[in-house]
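Since the structure comes first, as structure tokens, the remarks are kept for the end.
The values are calculated or read from the model by the stated rules, or taken from the named source; none is laboratory data. All values reported here derive from a predicted model rather than from experimental measurement. Neighbour counts run over all protein chains shown; Cβ positions are idealised from the backbone, glycine included.
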Amino acid sequence: MAANRERVRVTIREACQLAEQVLAPDPRQQIIDVVQSSEGLEASLARLRRAMRSHAFPTARATHSLARVVQALDQRAKAEGFHVLESWDYVAHKFADDITPILMLDRCVLDADERTDDETVVSILIDQYFLAVLGLIVLRAWDDENPNEVFDEVTRLLALLGGGSGRFVNDAATLLLLAVSHYHPQERAYDVLIERIGALDDDHRLQFALACAPVLSGHFRWGLRFMYGRDFGRLRDDNVVDYPWLLLAVRTLVAVYCGGTGGPAARTAVVEGLLAGLSADPRAFTGPTPRCFQGSERDHEFIRTALGDRRAELLREFDTFRPSAHSYSPLGFSANFLCNAHVAMVATALKRGARHPTLDDLLGGARRTDGLPREVETYARSLMDYASGGRATGVPALIVYDPLDARHAYNLTVQVLNES
């Protein structure tokens, strides 16, 4: 009986193949065509909602069912503490009844007075469903004997999205961070996942570090500004789960920086990522090992020593990324949680339909793939405007772009390095 269960076990490769079959241009367009109703967008969204709920998408020729694959991977993820397809309801103190793509769809219905053309709306919302599924796949990458290849495959599949207003995420590392950015009550799940990420090969661990450093930097800056009164002690006490992730990211970036591997473009990305990671909490890396890094003293000592040895060189290279009033700086972009930045991106895309920068573009200029700095800054400000409701309410926006905050983060990082 056990052997029979193993034969029918859903594999990650099977999940990737199925996702690719559905996301290929022809099937994807057929799904859009069938979902769209002559009765208007509300009827189309009702059809799409049923498809998302059943994980089955109709075309003129067949129905593509992902139910077996999605449910199997989701059950494994939940068993380890991650509810990737669910959003926590902070009022009811439980997970919402519907999966996150359906919640996104329902938000579109609420904003019915202001949205782009119907086909673009349907296309964007279909992308959100598959973005969630790909997030589940990359979280389960270690079910496969070669998780590094799974990361590459998910990055390739992400390129198939973006038929409506453009892609939202470029690579699997950023998607993994987005997938686990919702609240998950079982904190041990994060520890297990960071151990797995640390076992990736050098290239994929670097890709993760380049994504993780600016994500946590923005998360911490938002908290310092709006929750902790610029008190790093309070920040550390309230973000125990996050600091091992930051340590792995900075440890990885420092090792690559000191090793001198890669060409000029790669080094530029590493320097920018290292600046972002250190700016999250500069003194955590330059003094005695703080309590938030307890148990990782060797990694902390490696970072502290390298920063001291390479301080002058680092400061010269950091100067390339000194924030100015004339160019977008990722150090000025912050959000309480990455998932809220994603919600704002989708909501604004549904209203405007115009192509937009990706989440990766917002997080780092050195790895930017789409959009000039001024365009990215305009986009960041539009997300902040959406998050604040377009008016000053006295309640902090969940997404902020502030060039002055960028300069403060940069100056504090440089000051702490000089002091050390």
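General remarks:
- Residue among Arg251, Arg236 that alone is without any contact (Cβ under 8 Å) to a residue 60 or more places away in the chain and either more than 21 Å from the chain's Cα centre (by Cα) or assigned to a loop (DSSP other than H, G, I, E, B) (or both): Arg236
- Those residues of the range 62-77 which are out of contact with any helix residue (DSSP H, G or I) (no Cβ under 7 Å at 6 or more places or on another chain) and without any contact (Cβ under 8 Å) to a residue 60 or more places away in the chain, in sequence order: Ala62, Thr63, Ser65, Arg68, Gln71, Gln75
- Residue match in the range 25-39 (condition: in a helix (DSSP H, G or I) and hydroxyl-bearing (Ser, Thr, Tyr)): no
- Lys94 being over 22 Å from the mean Cα position of the chain (by Cα), surrounded by fewer than 21 Cβ atoms within 10 Å (Cβ to Cβ), under 25 Å from Tyr183 (Cβ atoms) and not assigned by TED's automatic domain parsing to the domain that holds Arg205: yes
- Residue in the range 241-263 that is surrounded by fewer than 16 Cβ atoms within 10 Å (Cβ to Cβ) and under 20 Å from Gly365 (Cβ atoms) present: yes
- Being surrounded by 23 or more Cβ atoms within 10 Å (Cβ to Cβ), of a type in the set (Ser, Thr, Tyr) and part of a helix (DSSP H, G or I) is a property that holds for Thr174.
- Only one of the numbered conditions (1) among the hydrophobic types (A, V, I, L, M, F, W, C); (2) at pLDDT below 95; (3) under 20 Å from Val138 (Cα atoms); (4) out of contact with any His (no Cβ under 9 Å at 6 or more places or on another chain) is not met by Val84, and that is (4).
- Filter pass, Leu210 being more than 30 Å from Asn146 (Cβ to Cβ), assigned by TED's automatic domain parsing to the domain that holds Ile399 and either part of a helix (DSSP H, G or I) or touching a helix residue (DSSP H, G or I) at 6+ places or on another chain (Cβ under 9 Å) (or both): no
- If the condition is being surrounded by 13 or more Cβ atoms within 10 Å (Cβ to Cβ), hydrophobic (A, V, I, L, M, F, W, C) and touching a residue at least 12 places away in the same chain (Cβ under 8 Å), then the range 33-60 contributes Val34, Val35, Leu41, Leu45, Leu48, Ala51, Met52, Phe57.
- Selection within the range 67-86: residues that are buried (at least 16 other Cβ atoms within 10 Å of the Cβ) and touching a strand residue (DSSP E or B) at 6+ places or on another chain (Cβ under 7 Å). The member of this set that is farthest from Glu119 (Cα to Cα) is His83.
- Condition met for Arg298 (at pLDDT 95 or above, surrounded by fewer than 18 Cβ atoms within 10 Å (Cβ to Cβ), over 16 Å from Val416 (Cα atoms) and in the same structural domain as Ala387 (by TED's automatic domain parsing)): yes
- Here the range 270-286 is the region considered, the condition is being more than 23 Å from the chain's Cα centre (by Cα) and touching a residue at least 60 places away in the same chain (Cβ under 8 Å), and the residue that is nearest to Ser329 (Cα to Cα) is Arg283.
- Residue match in the range 23-30 (condition: surrounded by 17 or more Cβ atoms within 10 Å (Cβ to Cβ) and charged (D, E, K, R)): yes
- The single condition among (1) more than 14 Å from the chain's Cα centre (by Cα); (2) closer than 17 Å to Ala19 by Cβ; (3) modelled with pLDDT of 95 or more that Leu136 does not satisfy is (1).
- Residues that are within 28 Å of the chain's Cα centre (by Cα) and in contact (Cβ under 8 Å) with a residue 24 or more places away in the chain within the range 405-420 comprise Asp405, Ala406, Arg407, Ala409, Tyr410, Leu412, Thr413, Val414, listed in sequence order.
- In the range 71-105, residue nearest to Ala341 (Cα to Cα) [restricted to those that are of a type in the set (Ser, Thr, Tyr) and outside any helix (DSSP H, G or I)]: Ser87
- Every residue from the range 86-115 that is under 20 Å from Val169 (Cβ atoms) and hydroxyl-bearing (Ser, Thr, Tyr): Ser87, Thr100
- Hits in the range 287-310 (condition: touching a residue at least 12 places away in the same chain (Cβ under 8 Å) and assigned to a loop (DSSP other than H, G, I, E, B)): Gly287, Thr289, Pro290, Ser296, Arg310
- Members of the range 347-357 that are touching a Ser or Thr at 6+ places or on another chain (Cβ under 9 Å) and either part of a helix (DSSP H, G or I) or acidic (Asp, Glu) (or both): Thr348, Ala349, Leu350, Lys351, Arg352
- Residue pairs whose Cβ atoms lie under 6 Å apart, sitting 6 or more positions apart in sequence or on different chains, and linking a residue in the range 159-177 that is of a type in the set (Lys, Arg) to a partner that is part of a loop (DSSP other than H, G, I, E, B), are Arg167/Leu161; Arg167/Thr358.
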